[in-house]
Amino acid sequence: MTWQHPFPKNTITSRFGDNSPPRTSPHRGTDFAAGAKELIPAVTDGVVTKIFYSSCLGWVCEFKTDEHGLYVGHSHLYCNKHDSIDCDGSDHQDGSTCMSQLKVGHRVAQGDWVGRVGDSGTCSRGAHLHITISKKSDPRYAKTFDIEKFIDQKIKKQEKAKQIKLTPLEKLSRAGVKIGTIWTWAKSKLD
Ligand SMILES: [Zn+2]
Ligand SMILES: [Zn+2]
């Protein structure tokens, strides 16, 4: 089970807990300033649990992660039905969603698309992804924690696990030791 950030970290415009104006309360998610309509990859494997419209968060797609059973929410999404980044949620009686092929109950693997970046909902100021993570379902009500820090730790562990799998020679080569130097040293031992 591996994890990734949805977009490069240098596109983060507002971190978890950010309280700078015009905010009136600490930020409950992490904002990535990806371009409008940009496809959003799942940060890990899971199952889609919710797709709904909220007046504040706009179109939301949430999935439950296989590892730890956490809920990852993506808010202010683009609306597929109206081809609009700021859909107001009306005219969706037919059950249309933010993404044409994605339905509640679908499995997503890490990197699969879970929506497109939009500007829907009254709490959005410009196209961006507002991503959240929580132990309970629903980014409107659940207590959230810092997904950036959480995924940073996951990536660190993944890197460590990769290092362990390397052969001693690969480790030396990663450390910048030239194979030629090792060979010369090995030969000197044989002589
Ligand atoms: Zn719509
Ligand atoms: Zn946000």
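None of the figures in this text is laboratory data; all of them are computed from the coordinates on show. Note that this is a predicted model, so its numbers are computed, not measured. Virtual Cβ from ideal backbone geometry, glycine too; neighbours counted across all protein chains shown.
Data table
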item: Subset of region 152-191 (residues that are exposed (fewer than 10 other Cβ atoms within 10 Å of the Cβ), of a type in the set (A, V, I, L, M) and not in a helix (DSSP H, G or I)); result: 175
item: Filtered residues of region 47-70 (kept if buried (at least 22 other Cβ atoms within 10 Å of the Cβ) and either within 16 Å of ligand 2 (Cβ to nearest atom) or farther than 22 Å from residue 141 by Cα (or both)); result: 57, 58, 59, 60, 61, 62
item: Pair list, Cβ < 6 Å and 6+ apart or interchain, from region 151-175 residues that are under 23 Å from residue 43 (Cα atoms) and touching a residue at least 40 places away in the same chain (Cβ under 8 Å) to residues that are surrounded by 12 or more Cβ atoms within 10 Å (Cβ to Cβ) and not basic (Lys, Arg); result: 151/3; 151/5; 154/3; 158/2
item: Scope region 103-120; condition farther than 17 Å from residue 131 by Cα and more than 17 Å from the chain's Cα centre (by Cα); matching residues; result: 103, 104, 105, 106
item: Single match in 82, 27 (criterion: under 20 Å from residue 151 (Cβ atoms) and not hydrophobic (A, V, I, L, M, F, W, C)); result: 27
item: Given (1) surrounded by fewer than 16 Cβ atoms within 10 Å (Cβ to Cβ); (2) more than 13 Å from ligand 2 (Cβ to nearest atom); (3) in contact (Cβ under 8 Å) with a residue 24 or more places away in the chain; (4) not hydrophobic (A, V, I, L, M, F, W, C), index of the condition residue 17 fails; result: (2)
